[in-house]
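Everything on this sheet refers to the single structure shown next.
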């Protein structure tokens with residue numbers, strides 16, 4: 001009887017390569033399921049970004065993971081509009097948007113609050129330059145490091161954020177989890 005048990009235990013052991021292959025396939029399957037569910041829920045295949053700077057403090061911290069909903073599924077509510085209707089997001093009026101500066105692919109997107117919208121030919125701010133086209137004026141929430149609009153500085157100098165530059169709107173925040181992503185950057 002003990003020899004039968006030995007034979008069964010030898011047969012039950014898998015080749016380590018087969019076991020590793022099964023584990024890898026399981027991880028890939030979970031990732032695919034996550035991506036499909038993300039696309040269904042948020043409209044994006046990868047709906048998360050890690051906060052890399054303190055420009056949105058105290059409402060978003062370096063190392064936070066922010067879930068983003070596709071701009072195709074929601075309307076941007078600016079800080080100005082939010083004040084009028086009492087709408088807040090991340091403890092301040094209006095939406096926080098994720099956008100590509102100057103619409104460039106391959107650059108790190110910016111996550112800042114949409115302060116207000118300007119139309120072509122309007123001044124971008126009081127006594128400011130004229131908007132070359134319609135778009136959003138944006139700014140980080142950090143009152144120490146972000147004293148000016150993005151369009152007054154180096155982020156999007158004198159260029160309102162066009163609708164097509166917007167990737168999505170910040171929805172949820174998970175503290176600290178983004179450090180894993182930042183570690184590999």
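The values are calculated or read from the model by the stated rules, or taken from the named source; none is laboratory data. Computed from a prediction, not measured in an experiment: that's the story for all the values here. Cβ sites come from the backbone with ideal geometry, for glycine too, and all protein chains shown count toward neighbours.
Per-structure values
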{"item": "Exclusive hit being more than 16 Å from residue 163 (Cβ to Cβ) and part of a strand (DSSP E or B), set 97, 137, 111", "result": "111"}
{"item": "Sole exception among (1) in contact (Cβ under 8 Å) with a residue 12 or more places away in the chain; (2) farther than 18 Å from residue 58 by Cβ for residue 127, by number", "result": "(1)"}
{"item": "Of all residues making up the range 2-22, the number that are outside any loop (DSSP other than H, G, I, E, B) and either exposed (fewer than 10 other Cβ atoms within 10 Å of the Cβ) or modelled with pLDDT under 70 (or both)", "result": "14"}
{"item": "Of residues in the range 142-154 being assigned to a loop (DSSP other than H, G, I, E, B) and either touching a strand residue (DSSP E or B) at 6+ places or on another chain (Cβ under 6 Å) or not assigned by TED's automatic domain parsing to the domain that holds residue 127 (or both), the one modelled with the highest pLDDT", "result": "149"}
{"item": "Filter pass, residue 133 being loosely packed, with under 13 Cβ neighbours inside 10 Å, more than 24 Å from residue 64 (Cα to Cα) and assigned by TED's automatic domain parsing to the domain that holds residue 92", "result": "yes"}
{"item": "Lone unmet requirement of (1) in the same structural domain as residue 147 (by TED's automatic domain parsing); (2) modelled with pLDDT of 80 or more for residue 25", "result": "(1)"}
